[in-house]
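Heads up, the thing below is written out as structure tokens.
The values are calculated or read from the model by the stated rules, or taken from the named source; none is laboratory data. Here the structure is a predicted model, which means the values were calculated and not measured. Here the Cβ positions follow ideal geometry from the backbone for every residue, glycine too, while neighbour counts run over all protein chains shown. Accessible surface is based on the protein model in full, side chains and every heavy atom, while ligands, DNA and RNA are left aside. Shrake-Rupley method; radii C 1.70, N 1.55, O 1.52, S 1.80 Å.
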Amino acid sequence: MTDFLAFLKSNPYPGRGIAVGKNRVYYFIMGRSENSRNRIFSLTEDGIRTEAYDASKLTDPSLIIYHPVRAMGDDLIVTNGNQTDTIRDMGDFRAALMTREYEPDEPNWTPRISALCRKDGSFALSILKRVDGRCLRCFYEYEGCDEGKGYFISTYQGDGSPLPSFSGEPMQIDMPDPEAVWEALNQDNKVSLYANISGEVKLFNKHLGD
């Protein structure tokens, strides 16, 4: 099992990440460009959305403005892009993601990562990434996990040019408190963090002084 805080402190740019544990889920975004960093999380009726902190500095919203978290009945969808809406509209996690692929941001080809957290404690994780010019769609089903443990998937392995996509199965991690996760994220690159613990939501936004 990976020490999650140590991992985050040693990795300046995992990009966007999802961690799912027992009765809790975290989602964070990071950014290197001004456009990516110019964001906050805000609450919606069924989850959260990203917004430009300074609308005058927003250039291309296509891959940075979306709903990362939305409810689907009693289930919770968490993703790093507009595939959240695809999953909700189709009502089927796997079938919806089979219609999508990685992001068209050459040369990084950012993977799409997604999670479906169910009321019974089971959950699914997925990553859609580019391999040899084609889309590799990976799905992982979990019956649940023990208290204090979780599974983590991110868009990137770390910093680089181009950015290296996440590799391997989701990491088994410990699940620290969200305040510790927020503090462990790289101070220059972190943007926002969503934490949901037993239905109680807390947002952290760098631009808002969190």
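Tabulated values for the structure
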| read-out | value |
| --- | --- |
| Virtual spin-label span in nm between Ala6 and Glu106, 7 Å along Cα→Cβ | 4.1 |
| Protection proxy ranking, peptides 138-147, 176-185, average beta carbon neighbours within 10 Å, highest first | 176-185, 138-147 |
| Heavy atoms of Ile18: accessible area, 1.4 Å probe, square angstrom to 10 | 0 |
| Length added when fully stretched, Glu200-Glu147, from 0.36 nm per residue minus Cα-Cα | 17.4 nm |
| Amide H contacts of Tyr66 (H built 1.01 Å from N, under 5 Å, at least 5 apart or other chain) | Thr50 |
| Förster radius 22 Å - calculated FRET efficiency between Asp132 and Gln157 (Cβ-Cβ, nearest 0.05) | 0.80 |
| Simple label model, 7 Å out from Cα along Cβ direction - Met98 to Asp74, nm | 2.6 |
| Phi-based couplings in Hz for the range 88-101 (Karplus 6.51, -1.76, 1.60; Gly and Pro marked x) | 4, 5, 7, x, 9, 4, 5, 4, 5, 6, 5, 8, 10, 8 |
| Within the chain: Cβ-based charge dipole about Cα centre, in debye rounded to nearest 20 (Lys, Arg +1; Asp, Glu -1) | 320 |
| Additional length obtainable on full extension of the chain from His207 to Lys119, 0.36 nm per residue less Cα span | 28.4 nm |
| Lysine pair count for the chain [Cα-Cα under 21 Å; pairs on different chains or 8 or more apart] | 13 |
| Mean Cα-pair separation over length for the chain, i.e. relative contact order, pairs under 8 Å, 6 or more apart, % | 29 |
| Separation of alpha-carbon centers, the range 171-186 and the range 52-112, rounded to whole Å | 23 |
| Scattering curve values for the chain, log₁₀ I(q)/I(0), Debye with Cα scatterers, q = 0.07, 0.08, 0.11 Å⁻¹ | -0.18, -0.23, -0.46 |
